[in-house]
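Student: Structure in structure tokens, see below.
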Amino acid sequence: MSNEQFRRELGQVFDEMTGSHSAALPDRVRSSLANVPEQRGPFWIAGIAAAVIAVLVVAILMESINRQQPNPGPGVVPSPSASPTPTDSPTPSSNLPAFLCTSSSVGAAPAGPVAFISAVRTGTHAGYDRLSLEFKNGQPTTIELRPQSGTGFTNSPKGDQVTLAGRNGVLVVIHGADVHTSYTGPTDIKTGYATLAEIRQVEDFEGVVQLALGVAGAPCYRAFMLTNPDRLVIDVQAG
């Protein structure tokens, strides 16, 4: 076989192997083959064939690697995932009412369907312990909070007495609500917190729910409503 015939056949095989990886690569290799000086002998032919195959393999490997590298584009940065915030987490102090040590009421929703207490959550924070009551089916009509000395409370409508942990208490009276339709958790919660020691249901009758709070220190609190979802938040002041 002459050198010219070898070059033509090698170029044809090279085109079939390279496919569409790079339009310029076959031309560069064929140009190099055309400029090789005329020589004779099987060693020269074998050397040229090995060199061409090596160049071809390296070029194909490099292009394949480049194609596998993702290109996110300029300025693309992965977004961090957001973490959910629990309903008993701290709230900025500038948005909160002042602490009270006297009776007060929260909310004045128009009379409507009974609001179902669906979740009871607690949390402890710097300066206060928190109780959060979540409602389904709307908000209750009114909510009264009544601080008291001692931790003795009356179960209604039975009339028997119960005593909670702590030294003082707060009675929470919720009108237009019930705690038996959607809530399945405990009705007597001993928190182990330094301030809000115990929470106990003492009434759930004819649309009125009463919760007794056993407090380690003075029965001072702040209470407010939040929405999305509807919930009552009571912070009991440490001290």
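Student: Identify the GluC sites (Glu not before Pro) of segment 146-227 meeting these criteria: DSSP loop state and at most 13 other C-beta atoms within 10 Å of the C-beta.
Tutor: Glu206
Student: Right, something else. How large, in Å, is segment 96-237 by the Kirkwood hydrodynamic radius built from its alpha-carbon pairs?
Tutor: 14.9 Å
Student: While we're on this one: Just to check I understand the Karplus step: with θ = phi - 60° and J = 6.51 cos²θ - 1.76 cosθ + 1.60, what whole-Hz values come out for segment 143-157, glycine and proline as x?
Tutor: 9, 10, 10, 10, x, 8, 7, x, 10, x, 9, 10, 6, 10, x
Coordinate-derived values only; no laboratory data. The structure presented is a predicted model; accordingly, all values stated were derived computationally and were not measured. Using ideal geometry, Cβ is built from the backbone for each residue, glycine included, and neighbour counts are taken over all protein chains shown.
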